[in-house]
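**Student:** Take this structure, written in structure tokens, and hold onto it; I'll ask about it next.
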Amino acid sequence: MKRKTRNKYLLYVVASVVAIIFIYPLYILFLVSFSPTRYTLDELFPSQLLSHITLANFISALTQYNFVAPMFKSLEVAFLVGALTLAVAIPAAYGLSKMNKRLANLIVVFLFMANLVPALVIAIPISAEFIKAGLFDSVIALALAQSLFTMPLATFIILGAFRAIPKDIENQARVDGMGVLRTLYTLLTPLAKAGIAVAFLLSWLTSWDEFTFAVILSPLKPTLPVIVYINITEGSLVQAAAFAAVISIPVIVLTVILQKYIKGVYLSGGLTG
Amino acid sequence: MKQKKVKIELKNLTKKFGNKVVLDNINLKIYEGELFAILGPSGTGKSTLLRVLVGIEDADSGSVIVDGKDVTDLPPNKRNIAMVFQSYALYPNMDVFGNIAFPLKIARMDKQEIEKKVNTAAKLLGISEILKSSINKISGGQKQRVALARALVRKPALFLLDEPFSNLDARVRFTAREELKKLRDNLGSTFIYVTHDQRETSNITTRVGVLNKGKFEQIDSFENLYNTPSTTWVADFIGNFPMSFISKSKDELIGFRPEWAVAGKGSMTAKLVTNELSGNINYWMCETKDGHMITLVGNMPLKVGTEIHFKLKKYNIYKNDTFVKQVNVK
Ligand SMILES: Nc1ncnc2c1ncn2[C@@H]1O[C@H](COP(=O)(O)OP(=O)(O)OP(=O)(O)O)[C@@H](O)[C@H]1O
Ligand SMILES: [Mg+2]
């Protein structure tokens, strides 16, 4: 009993340390974006605490650049990537879950081949195709391209979630009168919702801060990461920090919303069985 | 039985996994209203047979005919056969009510109708109080009833139960068995159920099919399986003790049950190897001169090595391991 509580405390300590390591850079980001520059960037040893709050950085960043259009473009692309990825990964994972396990695992490994190729190598030839198809600078083109990289991982995660569902649950549903597709979408998908939520979140995030495809396929109507990049190269570090803070807000919101589905399957889902 | 309607018929049914033949050319007719048990050791294809009947596994050859209709190529949802899996396979994302109502919801039945049917089934199985419970919070016995109720709300042509009592303790198992029989009598439906425990087949079934290595060795009432097993394998498999055999000639054996022998007198002899208590009856496990192990009823434990005389009131003759006839000694 005693030992158990001690282990529990140890767990909390470790979790706190890990959390601090991850949160610290984010904290600095918010600190810089909310403080006047003379307390942060202009100091040699800037204070770690927020002493003076200002929205000036945000205001100048958001007024000086066209922020709203890239923001909406990024949101559209990210949600489209999430949706496209699930639309393909769910049936793909279901098919793989029915196959011989070894063969399925081999196929998954091959799926990841797409991720081994540098994005640049893929982006240039497909941008030529998109120009021909009249899709250059469009939301759909960018989303399709980014989905190329999100689908393998999403398929892998959802495959793990499907494999974790006992086979007889699906068999029972078939015996109880369900067809194959109905079983997949009304029974198995809800049962695998944790894995699917993780797959969606990771796909969404990948798209949200994806740069290479965005800059090549959509240079005239850019997404947020491209705007931030332009800011940093132009030297306005404070405004870039403000932008970066804005970018991280939807990430935090989405993670919190999907958190209740996740409960630890983040990693185990893809690795069980 | 002859004039009764055939409910399900299996014709030359064969199923292989890779090179392994799991069901070997099975032919079987089961009649309306039967409570048919499939009995056999582990790994002989009992579950596979049910899975082929219900359509989860495809047969490699042969056909399944239900109510005169060939269903071999139909998917499980088109066969109108209900099945209770060994694992119960309850839907973890629904409560007890949701689980039982599930087949009716799929059939797009009217909501009030569903409620009525679920309540009836729940009452029949004595689980009305737990309808709102999560399935993670009910006992193994309750889970089994929920799985059974879910099968019962439909009006299927046939019920298949795969080791429905295996997760219950011995006492509950006994009452569950009786309840199954009552259920069959009330509904008049046809049940096929799988077990590897012969005590589960002795008094509730109409017939028992003894499956061995993908083939039915014998299909008969439990009484006949015990008294006149058609092969020495069945004789060995059925009964609390395997049938005792002694040699008659080069290819003929004499087989007998413990209670068919009278110990203490007679011309045959055997040496006591162990005393064994089963229930409150003592058995003598003995070895004959030519090395056969036999079982006799003995009213008290004796010293190991004692020579016991015995004679037979009744015995079976087997030639090349196949039943020939039963002999009653006057
Ligand atoms: N999907 C499968 N792939 C390969 N072999 C299988 C498969 N399912 C079953 N088998 C094999 O087929 C044989 C019969 O299995 P089955 O489950 O029907 O046996 P059983 O009689 O139900 O046994 P038990 O009493 O242990 O439940 C076993 O040897 C098993 O290993
Ligand atoms: Mg089995």
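**Student:** Over the range A:22-159, consider all pairs of different Cα atoms and compute the Kirkwood hydrodynamic radius from their mean reciprocal separation; express it in Å, one decimal. Please list the in-between numbers first.
**Tutor:** On the way: mean 1/r = 0.0531 Å⁻¹.
It works out to 18.8 Å.
**Student:** Now for a different question. With all protein chains present, how much of the accessible area of the range A:133-226 (probe radius 1.4 Å) comes from carbon and sulfur, to the nearest whole percent?
**Tutor:** That share works out to 72 percent.
**Student:** Also, quick follow-up: How do A:209, B:321, A:137 rank by accessible surface area computed with a 1.4 Å probe, from largest to smallest?
**Tutor:** Largest to smallest exposure gives the sequence A:209, B:321, A:137.
**Student:** Tell me the Kirkwood radius of the protein assembly as shown: reciprocal of the mean inverse pair distance over distinct alpha-carbon atoms, in Å.
**Tutor:** The answer is 30.3 Å.
**Student:** Report relative contact order for chain A in percent, whole number only (criteria: Cα-Cα under 8 Å, sequence separation at least 6).
**Tutor:** 28 percent
**Student:** What aspartates and glutamates sit close enough to residue A:221 to cross-link, taking a C-alpha to C-alpha distance under 19 Å and skipping anything fewer than 8 places away on the same chain?
**Tutor:** Correct list for residue A:221: A:76, A:129, A:137, A:209, A:210, A:234.
**Student:** Along each of its three principal axes, how wide is the spread of alpha-carbon positions in chain B, in whole angstrom units, largest first?
**Tutor:** Sorted largest first, the three principal extents are 75, 43, 40 Å.
**Student:** At a cut-off of 30 Å², which residues of the range B:85-104 become less accessible once all protein chains are present than in their chain alone, using a 1.4 Å probe?
**Tutor:** B:85, B:89, B:91, B:92, B:93, B:102
**Student:** Here's something else I'd like to know. Over chain B, what is the mean sequence separation of C-alpha contacts under 8 Å (at least six apart), divided by residue count, expressed as relative contact order in percent? Intermediate values should be presented prior to the final figure.
**Tutor:** Numbers: 650 pairs, mean separation 53.1, N = 330.
Value for chain B: 16 percent.
**Student:** In whole percent, how big is the carbon plus sulfur part of the accessible area of the range B:6-227, probe 1.4 Å, protein atoms only?
**Tutor:** 46 percent
**Student:** Within the set of other residues whose C-beta is less than 14 Å from the C-beta of residue B:220, count the net charge using Lys and Arg as +1 and Asp and Glu as -1.
**Tutor:** -1
**Student:** Can you give the net charge of the other residues whose Cβ lies under 10 Å from the Cβ of residue B:16, counting K and R as +1 and D and E as -1?
**Tutor:** Cβ neighbours under 10 Å give a net charge of 0.
**Student:** Using only alpha carbon positions, build the gyration tensor of chain A, then give the equivalent ellipsoid semi-axes as the square roots of 5 times its eigenvalues, largest first, whole angstrom.
**Tutor:** Values: eigenvalues 291, 161, 46 Å².
The three semi-axes for chain A are 38, 28, 15 Å.
**Student:** Next question, about the same structure. Please compute the alpha carbon radius of gyration of the range A:109-259, then divide it by the globular-protein estimate 2.2 N^0.38 Å. Two decimals is fine.
**Tutor:** Here the Cα radius of gyration is 1.31 times the empirical estimate.
**Student:** Give, in whole angstrom and from largest to smallest, the semi-axes √(5λ) of the equivalent ellipsoid of the range A:181-220, with λ running over the eigenvalues of the Cα gyration tensor.
**Tutor:** 32, 11, 5
**Student:** Any chance you could run the full-extension gain for residue B:17 through residue B:93? It's 0.36 nm times the residue separation minus the Cα-Cα distance, nm to one decimal.
**Tutor:** My answer for the length gained is 24.1 nm.
**Student:** Trypsin sites (Lys or Arg not before Pro) within the range B:130-202: which are DSSP loop residues with at most 15 other Cβ atoms inside 10 Å?
**Tutor:** Within the range B:130-202, the qualifying trypsin sites (Lys or Arg not before Pro) (loop, at most 15 other Cβ atoms within 10 Å) are B:132.
**Student:** Looking at chain A, do any whole DSSP H helices span at least 24 angstrom along their long axis by alpha carbon and average 1.6 or above on Kyte-Doolittle, and which? Each step should come with its number before you reach the end.
**Tutor:** Working: long enough: A:2-34 (46 Å, 1.11); A:68-98 (45 Å, 1.34); A:139-163 (33 Å, 1.75); A:237-262 (37 Å, 1.98).
In chain A, the long hydrophobic H runs are A:139-163, A:237-262.
**Student:** Quick one: grab Rg to one decimal and Dmax as a whole number for the range B:79-144, Cα atoms only, in Å.
**Tutor:** That works out to 11.7, 32 Å for Rg and Dmax.
**Student:** Evaluate E = 1/(1 + (r/R0)^6) for residue B:65 and residue B:182, where r is the Cβ-Cβ distance and R0 equals 41 Å; express this FRET efficiency to the nearest 0.05.
**Tutor:** Values: r = 29 Å, r/R0 = 0.71.
The value I calculate is 0.90.
**Student:** Cross-link list B:4/B:155; A:167/B:116; B:4/B:182; B:271/B:314; B:46/B:181; B:16/B:319: which exceed 23 angstrom alpha carbon to alpha carbon?
**Tutor:** Table pairs above 23 Å Cα-Cα are A:167/B:116; B:16/B:319.
**Student:** Using Cα positions and a limit of under 13 Å, work out the aspartates and glutamates in reach of residue B:143, with same-chain residues fewer than 8 apart set aside.
**Tutor:** Within reach: B:95.
**Student:** Just how much of residue A:230 is accessible, in Å², when a 1.4 Å probe is used and the result is rounded to the nearest 10?
**Tutor:** Surface accessible to solvent at residue A:230 totals approximately 60 Å².
**Student:** Moving on to the next point. For the range B:133-257, which semi-axes, largest first and in whole Å, follow from the square roots of 5 times the eigenvalues of its Cα gyration tensor? Provide the component values of the computation, followed by the final result.
**Tutor:** Details: eigenvalues 242, 48, 28 Å².
Equivalent ellipsoid semi-axes, largest first: 35, 16, 12 Å.
**Student:** Continuing with the same structure: Given N residues in the range B:241-328, what is Rg(Cα) / (2.2 N^0.38 Å)? Display every interim value, and only then the final one.
**Tutor:** Working: Rg = 12.7 Å, N = 88, 2.2 N^0.38 = 12.1 Å.
Ratio of Cα Rg to 2.2 N^0.38 Å: 1.05.
**Student:** Separate question: Leaving out ligands, DNA and RNA but keeping every protein chain, what accessible area does residue B:120 have, in Å² rounded to the nearest 10, with a 1.4 Å probe?
**Tutor:** So the heavy atoms of residue B:120 present about 90 Å² to solvent.
**Student:** Counting pairs of alpha carbon atoms under 8 Å apart in space and at least six apart in sequence, what relative contact order in percent does the range B:241-328 give?
**Tutor:** Here the relative contact order equals 34 percent.
**Student:** What's the total accessible area buried between chains B and A, using a 1.4 Å probe, rounded to the nearest 100 Å²?
**Tutor:** In total, chains B and A hide about 1700 Å² from solvent.
**Student:** How charged is the neighbourhood of residue B:137? Take every other residue with its Cβ under 11 Å from the Cβ of residue B:137, and add Lys/Arg as +1 and Asp/Glu as -1.
**Tutor:** Counting the neighbours of residue B:137, the net charge comes to +1.
**Student:** Relative to the longest principal axis of chain B, what angle (0 to 90°, nearest 10) does the C-alpha long axis of helix B:111-124 take?
**Tutor:** Tilt of helix B:111-124: around 20 degrees.
**Student:** Give me the accessible area per residue for the protein assembly as shown, probe 1.4 Å, as a whole number in Å².
**Tutor:** Per-residue value: 51 Å².
**Student:** Using only the Cα atoms, what convex hull volume per residue in Å³ does the range B:76-212 have? Kindly include the intermediate steps, with their values, before the conclusion.
**Tutor:** On the way: hull volume 16.2 nm³, N = 137.
Convex hull volume per residue, Cα atoms: 118 Å³.
**Student:** Same structure, new question: Apply the Karplus parameterisation 6.51 cos²θ - 1.76 cosθ + 1.60, with θ equal to phi minus 60°, to every residue of the range B:6-22 and state each ³J(HN,Hα) to the nearest whole Hz, in sequence, with x for glycine and proline.
**Tutor:** Karplus-based 3J(HN,Hα) across the range B:6-22 equals 6, 8, 9, 10, 10, 10, 6, 6, 10, 9, 10, 10, x, 8, 7, 7, 9 Hz.
**Student:** Ok, one more. Treating the range A:1-54 as a set of equal point scatterers at the Cα positions, no solvent, please give the Debye-formula log₁₀ I(q)/I(0) at q = 0.17, 0.18 Å⁻¹.
**Tutor:** Cα-only, vacuum Debye calculation for the range A:1-54: -0.62, -0.65.
**Student:** Still on this structure, I have one more. Mind pulling the per residue volume of the convex hull built on the Cα atoms of the range B:4-59? Å³ is fine.
**Tutor:** Spread over its residues, the Cα hull of the range B:4-59 gives 83 Å³ apiece.
**Student:** A follow-up question, please. Which of the aspartates and glutamates could a cross-linker span from residue B:265 if the Cα-Cα distance has to be under 19 Å and same-chain partners fewer than 8 positions apart are dropped?
**Tutor:** Here the aspartates and glutamates satisfying the reach criterion relative to residue B:265 are B:287, B:307.
**Student:** Quick one: Debye curve from the alpha-carbon atoms of the range B:256-301 only, equal weights, vacuum; give me log10 I(q)/I(0) at q = 0.14 Å⁻¹ to two decimals.
**Tutor:** Scattering profile of the range B:256-301, log10 relative to I(0): -0.29.
**Student:** For the residue pair residue A:28 and residue B:309, what label-to-label distance in nm results when each label sits 7 Å from Cα along the Cα-to-beta-carbon direction?
**Tutor:** With each label point 7 Å from Cα toward Cβ, the separation is 10.3 nm.
**Student:** Still on this structure: In the range A:159-201, which residues give up 30 Å² or more of accessible area once the other protein chains are added, compared with their chain alone (1.4 Å probe)?
**Tutor:** Those are A:168, A:169, A:171, A:172, A:174, A:175, A:176, A:177, A:178, A:182, A:187, A:191, which lose 30 Å² or more relative to the chain on its own.
**Student:** For the range B:1-150, treating each Cα as an identical point scatterer without solvent, what Debye log10 I(q)/I(0) comes out at q = 0.10, 0.14 1/Å?
**Tutor:** -0.45, -0.83
The values are calculated or read from the model by the stated rules, or taken from the named source; none is laboratory data. Small disclaimer: the values here were computed from a predicted structure and weren't measured. Note: ideal-geometry Cβ built from the backbone for every residue, glycine included; neighbour counts use all protein chains shown. For the accessible areas, the whole protein counts, side chains as well, though only heavy atoms, and no ligand, DNA or RNA atoms are used. Shrake-Rupley method; radii C 1.70, N 1.55, O 1.52, S 1.80 Å.
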